[in-house]
Every structure is written in structure tokens, then in C-alpha cells.
1. Based on what the data block shows, is residue 111 more than 22 Å from the chain's Cα centre (by Cα), basic (Lys, Arg) and more than 22 Å from residue 91 (Cβ to Cβ)?
2. In the stretch 153-164, what residues are modelled with pLDDT under 90 and not small (Gly, Ala, Ser)?
3. For residue 133, all conditions in the list (1) at pLDDT 90 or above; (2) part of a loop (DSSP other than H, G, I, E, B) hold save one; what is the number of the exception?
4. Do you know which residues across the stretch 136-176 are charged (D, E, K, R) and outside any helix (DSSP H, G or I)?
5. Does residue 114 count as without any contact (Cβ under 8 Å) to a residue 40 or more places away in the chain, part of a loop (DSSP other than H, G, I, E, B), buried (at least 17 other Cβ atoms within 10 Å of the Cβ) and not β-branched (Val, Ile, Thr)?
6. Yes or no: residue 124 buried (at least 17 other Cβ atoms within 10 Å of the Cβ), modelled with pLDDT under 90 and part of a helix (DSSP H, G or I)?
Amino acid sequence: MVNVVLRTSKENMGLDKAAVKGYEAYLEGRALELRLKAGRMEWEAKWKELRRGWYVGKDGFMETLRQRLGRAVGGLRRESHSGPARRAHDEGAAQEMLQRGLRLLGISAVKEWPKWAGEKVALAWWLRQRTTVSLRWVSQRLEMGHYSRVSQAVSRMARSPSRKLRKLKEKLLQSD
């Protein structure tokens, strides 16, 4: 991880090739030192702090990092990220997506549909594929009962969806 960031940012830090190598060696040595002296939990906590909230470089470098990160993790879940701000953003986006999905599938009130209705199964799968909201969040919004039903619904869609579920899936995917 250190090498990638330093190699992509050396021009932004104003370092020549030798200085970059030295800085890489320093950071790798510091990481090894933290691992040897401290327990694994403390080491991970320190690196968690380092991974968030700062960068070294000129103006515009942060935007370059964001773009590269977006390409690298495009379509993947962000399970390693946490915090109230991210959660609030993701839940807001998921709520908008849920409303759009309900309209697409012609559902006006989720409580009128059974817990295992194909429409709910398809929506649960769609939300879990496109957002980072929890199983519990999806289960509560779709009124599917215990959150494990969402996990089962996602598995069902991946394993062997019925013809009806495949049609619902296609309908949702066309709206993306």
C-alpha cells in the first residue's frame, strides 16, 4: 500500500527517486516496528488512523486519489470504511434507491406484501448489491422479519432465482 501511494505521489511531494525510496523504507520500517512492539489490535488501530483523513501532496492531489480509488473499488462494497457520516450518506442513498425500486415494481405499501414476496426478495438483493446498508436496515425497510431473511433472499437470487425473480431482477437492473 505504501509503495503505491508514494509512487503515484512522488511528483506531488517534490521528492526525487532516492528520497522516495528512503521515505518508503522509513514507512515500512515504522510499520514493522509497530507490529513488533505493539499487539496486533494496537497496530491495526494506528494504521486505521493513518488510512483516513489526510494525504501528502499539492492541491488537486486528493481529487486524483479519489478518482483512482473510485476506479479501483468501483462496484465493490466498502466494508472497511465506517463512521456516522458514511452511514448517514449510504442510508440516504439506499432510501432513495428503495423508493425508486418500489415504484418500478409497483409496490405502494410493503406491509401489504408477504415477507417472502418475490418483489421483496428482488429489492433486498438489489439493495445489498448496490449499497452498503446492513441486512437489518434492509429487513426493517422491507418488513421481511428477521434480518437473516435478507441474507437468504440474496443467496436465493444468486443461486437459483425463479423465472419471476429473474424478471424482477432484470427490471431493477434496467433502471440502473
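1. Details: more than 22 Å from the chain's Cα centre (by Cα): yes; basic (Lys, Arg): yes; more than 22 Å from residue 91 (Cβ to Cβ): no.
Taking the combined requirement at face value, the residue does not satisfy it.
2. 154, 156, 157, 159, 161
3. Every listed condition holds for residue 133 apart from (1).
4. Going residue by residue through the stretch 136-176, those that are charged (D, E, K, R) are 136, 141, 143, 149, 156, 159, 163-164, 166-167, 169-171, 176.
Matches in the stretch 136-176: 143, 176.
5. Values: without any contact (Cβ under 8 Å) to a residue 40 or more places away in the chain: yes; part of a loop (DSSP other than H, G, I, E, B): yes; buried (at least 17 other Cβ atoms within 10 Å of the Cβ): no; not β-branched (Val, Ile, Thr): yes.
Criteria not met by residue 114.
6. On the way: buried (at least 17 other Cβ atoms within 10 Å of the Cβ): yes; modelled with pLDDT under 90: no; part of a helix (DSSP H, G or I): yes.
Against the criterion (buried (at least 17 other Cβ atoms within 10 Å of the Cβ), modelled with pLDDT under 90 and part of a helix (DSSP H, G or I)), residue 124 does not qualify.
The values are calculated or read from the model by the stated rules, or taken from the named source; none is laboratory data. Quantities reported herein were computed from a predicted structural model and do not represent experimental measurements. Positions of Cβ are backbone-derived with ideal geometry, glycine not excepted, and every protein chain shown enters the neighbour counts.
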